[in-house]
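What follows is a set of notes on a single structure, which appears directly below.
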């Protein structure tokens, strides 16, 4: 078995055609051979009957048929034998030879000839056997020379050599084999072309794959060949494009992550070096201030690590267990947790959430991260005294959570990138406020993982509105919905919001 696909395809085509064509040639040749012999037998039987009719009158008038060869009967037999290419023999009712076109046949007894026995019984018969006189294989047929009143006057036997018939059969087989060889050769040529056409795109895909494996990510497969091969090439190119994009994003991700780690680590190291200097070791006020700054840097690092781990987990498809969740209690609880931060920042946190919402299939912890990040961003970028609204509403298909602030807003050109990882509208200001550009990226990743989406509307100087939409669960398992009215009431009271 060839090891290459092209060789295996070629061998398969040739074997299929060889078996099919060989079977057809064998069946056709056998049928033609049988038909040729049968036709010769029928023709010889018919000639025997016609000759018997023609010889009846001369045989009645012959007198002694063994007289000189110049008699009319002998002349007739010789003429017919030369015309038909057959040996003609007349025997009496006891199968003793009376006269024959072959002098060597004279005086022989044919009592065991099957065709003569069948003719005496009134049947038409033929036989193929080796002639004892000539030593050749011949076809024999016989017919009775009958007269109405006297019965059988004798029998006529025709013998025709089989060599011309076998030669004709050989020519038929040769024609069939020649045609089969021509068809097989044509099949090989067509199979070679087809195998080359099928394997060329695969070889090209292999070459491109090897180039990609060696780091040449700009290589693409040439889409050609049958529909299935073209589809494979298109899928491969799409995969290569996604791979290139993924690697580029990973490289950018690593570079941004290293940059984000570098700044707080450098700040912590600088303050540690300052604290280790002899002239600052006795300054408790300076030490407390540096320790507080280092604590904030460490908190930023912890938040950055948490976000990175969460994004990596989502990228790898690792999802915590999900349950049917009523978002109303969860939103009140997150508002309660963020309330002290909002009061310290001097912003007015308002809650516009109904007591209950249709259930969504989700991870409660991940949804807390989404709402917490959106509220943290709103607090960071809102001026003191500015209002922030956490609202929720639902329809038959989705639950929508909305966080609105009246802060600095964002320019229109920043909105398409606001959910990209490590993106900052104002890098200097965001880093100073502790942001690494991962919070909104994590929000979008979580929303997408929950078959939802997130959008933003923003106007510079007027504020921003973030909306998260999640699909509603159509059928709720018994006891699976987080629906605690007491918890909702308690969370609203703690947040200073009346229901």
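The values are calculated or read from the model by the stated rules, or taken from the named source; none is laboratory data. All values derive from a computational prediction rather than experimental measurement. Note that we place each Cβ from the backbone using ideal geometry, even for glycine, and neighbour counts take in every protein chain shown.
Tabulated values for the structure
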read-out	value
Residue list for the range 197-215, filter: over 19 Å from residue 8 (Cβ atoms) and out of contact with any helix residue (DSSP H, G or I) (no Cβ under 9 Å at 6 or more places or on another chain)	207, 210, 211, 213, 214, 215
Leading residue by the ranking (farthest from the chain's Cα centre (by Cα)) among those in the range 391-401 that are surrounded by fewer than 17 Cβ atoms within 10 Å (Cβ to Cβ) and either without any contact (Cβ under 8 Å) to a residue 60 or more places away in the chain or outside any strand (DSSP E or B) (or both)	393
When residues of the range 402-436 are limited to those that are part of a loop (DSSP other than H, G, I, E, B) and at pLDDT below 70, the one farthest from residue 357 (Cα to Cα)	426
Any chance residue 344 is at pLDDT 85 or above, over 51 Å from the mean Cα position of the chain (by Cα), in the same structural domain as residue 463 (by TED's automatic domain parsing) and closer than 30 Å to residue 275 by Cα	yes
Qualifying residue in the range 226-246 (condition: assigned to a helix (DSSP H, G or I), modelled with pLDDT under 80 and under 30 Å from residue 299 (Cα atoms))	yes
Residue 319 at pLDDT below 75, in contact with a helix residue (DSSP H, G or I) (Cβ under 8 Å, 6 or more places away or on another chain) and not in a helix (DSSP H, G or I)	yes
